[in-house]
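Asker: Questions regarding the structure given below will be posed in turn.
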Amino acid sequence: MNPYLLSVLLGIVEGLTEFLPVSSTAHLRIVERAMGLDLASGYWKMYSIVIQLGAILCVPIYFRARLTEFFTTFPGGPDGRHNLWNHPVTLTGVAFVVTAGPSYLLAKTIGKNLESLYVMATSLIVGGIVMWIVDAMYGVPRVVSANSPTVRSVGAATAGYPTETVYQMTLPQSIWIGACQILSAVFPGVSRSMSSIAAGQVAGLSRPAALEFSFLVSIPTMFMATGYSFYDSLRHKPGAGGKIGVAPRNAEEWAVLAIGFVVSFVVAYLVVAWFMRWVRQRGFVPFAVYRILVGAAVLAWVLKSGV
């Protein structure tokens, strides 16, 4: 396939899957292999990570009003009851730091796993099962204390989530979510959004709160992950490569990267609005089923063809 058309296709795949809990990295690598690309290629490993930045750029634009609110009310919050350690801005930073340290140390392992369809297929299946169980157990409001400010009446009982909004999150919750995101960094196929959403639900966050925090923490996490990968590839001589890929060597490779970057941004912007509405109405189980089916299909392909 023409490399420019291929980059358009990969940009669409990235934009469609970046924020859905199905692993954009795994989908990119699977499509690349299906198109006959070498998964060990340093350029395509770098490409698969860097074009994610295009998709991530839509988050601060789409949530600009919400982000403005967070920063202008820091650290007291809109109600004046918050402090440095429980404001969403700080909690986002904490989750990022918890994820970034171990991920940096495991960069070589990450690079190797980006070559393995077996790892990605297995991660899709296991992650799908975990997401299904978590959403079934924690996706509906629980019976909580009647004194909680988040409850709503349900007959004689009261039901709600321990944490209805990101403003009610705590420091331990952000540390837990950051720690769970490490799995998505090391094992492509787990999905950063899946790990952060599922971790949030287990920690007591409502679906909307878990999803919003997943979007928030994606900004520093993916900016640094993609930025580091690109920097690491650029600081080596052409062909030498860094821990995760090599830089473009000519104008055509730069153009291919740029096309994927732009296309992923446009598609991702459209997906974000749809995904926010979907989750509030239907939850995450359909994505869990999709992960399991795709993972099983890829695993069968790997075992049959030995790719």
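Asker: Mind jotting down the distance between the C-alpha centroids of segment 189-233 and segment 1-21, whole Å?
Answerer: Result: 20 Å between the Cα centres.
Asker: What number, rounded to the nearest 500 deg cm²/dmol, is the helix-based mean residue ellipticity at 222 nm of the chain, given -39500 (n - 2.57) per DSSP H run of at least four residues and division by all its residues?
Answerer: -22500 deg cm²/dmol
Asker: Moving on. Helix 88-105 versus the longest principal axis of the chain: what angle, 0 to 90°, nearest 10, using Cα atoms?
Answerer: On a 0 to 90 degree scale, this one is about 40.
Asker: Ordered by packing density, taken as the mean number of other Cβ atoms within 10 Å over each peptide's residues, highest first, how do 59-68, 294-303, 196-205 rank?
Answerer: Order by mean packing, descending: 196-205, 294-303, 59-68.
Asker: Moving to a separate point now. Relative to the first principal axis of the alpha-carbon coordinates of the chain, what is the inclination of helix 3-17, with its axis defined by its Cα atoms, in degrees from 0 to 90 and to the nearest 10?
Answerer: Helix 3-17 sits roughly 20 degrees off the main axis of the chain.
Asker: Using the Karplus curve 6.51 cos²θ - 1.76 cosθ + 1.60 with θ = phi - 60°, work out ³J(HN,Hα) for each residue of segment 173-179 in order, rounded to whole Hz, and write x for Gly and Pro.
Answerer: These are the phi-based 3J(HN,Hα) values: 5, 5, 5, 4, 5, x, 5 Hz.
Asker: May I ask for the angle, rounded to the nearest 10°, between helix 251-282 and the longest principal axis of the chain, with both axes built from Cα atoms and the value confined to 0 to 90°?
Answerer: Around 30 degrees separate the two axes.
Asker: Need one number: nm distance between label points at L105 and R64, each 7 Å from Cα along Cα→Cβ, rounded to one decimal.
Answerer: So the two model labels end up 4.0 nm from each other.
Asker: Report the residues of segment 1-33 in range of a label on A255: point 7 Å along Cα→C-beta, backbone N strictly under 12 Å from it.
Answerer: So the set is 3-5.
Asker: Set the Förster radius R0 to 30 Å, insert the Cβ-Cβ distance between T170 and V285 as r into 1/(1 + (r/R0)^6), and round the FRET efficiency to 0.05.
Answerer: Efficiency computed from Cβ-Cβ geometry: 0.65.
Laboratory data are not the source of any read-out in this text; all were calculated from the coordinates shown. The structure displayed is predicted, hence computed values, not measured ones. All Cβ positions, glycine included, derive from the backbone under ideal geometry; neighbour counts span all protein chains shown.
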